[in-house]
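Enquirer: Have a look at the structure that comes next, please.
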Amino acid sequence: MLGRLPCMPAAPLPPLPTSIVGSLPQPDWLIDRDRLAHRFPPRVRAAELWRIPPELLAGAQDDATLLAIRSQEEAGLDVVTDGEIRRESYSNHFATALSGVDVDHPGSILNRSGKPIPVPRVVGDIGRPAPVQADDVRFLRAHTDRTVKMTVPGPFTMAQQAQDEHYRDGRALALAYADVVRAEIADLFAAGADVVQIDEPWLQARPEVARQYGAEAVTRAVEGAPGPVHLHLCFGYAAMVSERPEGYSFLPELADTPVDTVAVETAQSHLDPATLRPLRGKGIALGVLDLSTPEVETPEVVADRVRRALDDVDVDRLVLTSDCGLKYLPRESAAGKMRSLALAAQLVRAEL
């Protein structure tokens, strides 16, 4: 493993700071990307995806995480993540580390595409025996002087991705997940995170249920956080969900939650920026990289996607980002898209 750098403070952010949503492509030598691409993102453990023997896996993941950090720095991004390199999916890394969940004998639910998938089975009170990702933040913080962001699955999404045999009440389950997410958020900031993001794609996927208690669960998870919390809302990975609706089915409901910034996708979906007006007063992380194609957009194309939203958001709280995670793209495409994002930000900054 490459040597560690001393922990350094984050540099000040420019206007229109740039970042990715969270994930980057994992190297082929680390994970079986072909197997990963031909299955829905796992909700339970999927150790068979890793190419590295268990006794060497942690070190290999560290090395790959360093590559992810460097790729973001070299692209010119202002806010850096760990690329979610240690995760088989955005959610299972955290969700399967909790107590009260039987991951060895999974349950089943219908995914966003209507297909049955294995999921954690809730058999007792949801708890968090120890911080799950605090060490990941420390590693990230020690290896960059940029602002750092760590992502964690949101409580509503985890509740929808589980088979509940204990609470037998959707709201109670979501609030139990909210309690462990709130504790994790506090530990992530204590470990050095500048920003924490909760991923809540299922607010969009199941809006009828979300309107019953989704905002309540988000509020419970985020309230009192010691730093800014972003919430990522999307239509799913482009590699898995190709069709995009015309707009979000759950968006204005987030206006009264204590999240600092709402991350939305606009590139692939061609989302009407006027949809974002109910969120004025909050930051917007604007997804302007289309992940449905490996083709790298020019900085001018990305800049045009930014310009069309400027009248509908608070520009001084605008972040430029990807539509969703870059996990399923070729590594060369991900690097190129990140570079275009950084160059597009420079173009638009010069016009403000």
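Taken together, the values in this text are just the output of simple stated rules run on the coordinates, not laboratory data. Here the structure is a predicted model, which means the values were calculated and not measured. As a convention, Cβ positions derive from the backbone with ideal geometry for all residues, glycine included, and neighbour counts pool all protein chains shown.
Enquirer: Ranked by Cβ crowding within 10 angstrom, fewest neighbours first, how are His93, His38, His232 ordered?
Expert: His38, His93, His232
Enquirer: Given H placed 1.01 Å from N in the peptide plane, which residues other than close sequence neighbours of Ile109 have an amide H under 5 Å from its amide H?
Expert: Ile117, Val119
Enquirer: Next question, about the same structure. Based on other C-beta atoms within 10 Å, arrange Arg206, Arg51 from fewest to most.
Expert: Values: Arg206 19, Arg51 16.
Starting with the residue having the fewest Cβ neighbours, the order is Arg51, Arg206.
Enquirer: Counting only helical runs of four or more DSSP H residues, what would the 222 nm mean residue ellipticity of the chain come to if each run contributes -39,500 (n - 2.57) and the total is spread over all its residues?
Expert: -10000 deg cm²/dmol
Enquirer: Let me ask you something else. Looking at the chain, do any whole DSSP H helices span at least 20 angstrom along their long axis by alpha carbon and average -1.0 or above on Kyte-Doolittle, and which? The partial results should precede the final answer.
Expert: Details: long enough: 54-75 (32 Å, -0.17); 170-190 (30 Å, 0.88); 207-222 (22 Å, -0.23); 331-349 (27 Å, 0.01).
Long hydrophobic helices here: 54-75, 170-190, 207-222, 331-349.
Enquirer: So what's the net charge close to Ala263: Lys and Arg +1, Asp and Glu -1, counting the other residues with Cβ under 12 Å from its Cβ?
Expert: Values: positive: Lys149, Lys282; negative: Asp199, Glu200, Asp260, Glu265, Asp323.
Value of the local net charge: -3.
Enquirer: Next question. I need the Debye-formula profile for the stretch 79-124: one equal scatterer per C-alpha, no solvent, reported as log10 I(q)/I(0) at q = 0.14, 0.23 1/Å, two decimals.
Expert: Treating every Cα as an identical point scatterer, log10 I(q)/I(0) equals -0.43, -0.88.
Enquirer: Also, I was wondering about something else. Using every pair of alpha-carbon atoms in the stretch 15-132, split the distances into 5 Å bins beginning at 0 and state the percent of pairs per bin, rounded to integers.
Expert: Pair shares across the bins are 2, 10, 17, 19, 18, 16, 11, 5, 2, 0.
Enquirer: Let me ask you something else. If you rank Trp202, Trp50 by fewest surrounding Cβ atoms within 10 Å, what's the result?
Expert: With the sparsest Cβ surroundings first, the list reads Trp50, Trp202.
Enquirer: Please find, in a Gaussian network model of the chain (springs between Cα atoms separated by less than 10 Å), the residue of Lys327, Lys115, Lys337 whose mean-square fluctuation is greatest.
Expert: Lys115
Enquirer: Next question, about the same structure. Run through all the Cα pairs of the stretch 274-352 and give the fraction in each 10 Å bin from 0, expressed as whole percent.
Expert: It works out to 19, 50, 27, 5, in whole percents.
Enquirer: Using the Cα gyration tensor of the stretch 98-175, with a ≥ b ≥ c the square roots of its eigenvalues, what is the shape: rounded (a/c below 1.5), prolate (a/b larger than b/c) or oblate (neither)?
Expert: Here the stretch 98-175 falls in the prolate category.
Enquirer: A further question on this structure: Using only alpha carbon pairs under 8 Å that are at least six residues apart, calculate the relative contact order of the stretch 202-319 and give it in whole percent. List each step's numbers first, then the result.
Expert: Numbers: 155 pairs, mean separation 28.9, N = 118.
For the stretch 202-319, the relative contact order is 24 percent.
Enquirer: Please report the antiparallel percentage of DSSP beta bridges with both residues in the chain, rounded to the nearest 5.
Expert: That works out to approximately 20 percent antiparallel.
Enquirer: Please give the Cα centre distance for the stretch 318-352 versus the stretch 39-77, rounded to the nearest Å.
Expert: If we compute the Cα centre of each part, the gap is 21 Å.
Enquirer: Additional query: How high is the relative contact order of the chain, in percent, with contacts defined as C-alpha pairs under 8 Å that are six or more residues apart? Write out the running numbers ahead of the final one.
Expert: On the way: 725 pairs, mean separation 69.4, N = 352.
Computed value for the chain: 20 percent relative contact order.
Enquirer: Mind checking the alpha-carbon convex hull of the chain and giving the volume per residue in Å³? Working shown, then result.
Expert: Working: hull volume 43.1 nm³, N = 352.
Each residue corresponds to 123 Å³ of Cα convex hull volume.
Enquirer: About the Cα centre, and with charges only on the beta carbon of Lys, Arg (+1) and Asp, Glu (-1), how big is the dipole of the chain? Nearest 20 debye, please.
Expert: The dipole magnitude comes to about 180 debye.
Enquirer: Please work out how many pairs of lysine residues in the chain are eight or more positions apart (or on different chains) and have Cα atoms closer than 27 angstrom.
Expert: 6
Enquirer: Connecting C-alpha atoms closer than 10 Å in a GNM of the chain, tell me which of Arg308, Arg331, Arg317 has the biggest fluctuation.
Expert: For the chain, modelled as a Gaussian network with Cα springs under 10 Å, the answer is Arg308.
Enquirer: To the nearest 0.05, how large is the calculated FRET efficiency for Trp29 and Leu347 if R₀ is 35 Å and r is the Cβ-Cβ distance?
Expert: For Trp29 and Leu347, the calculated efficiency is 0.45.
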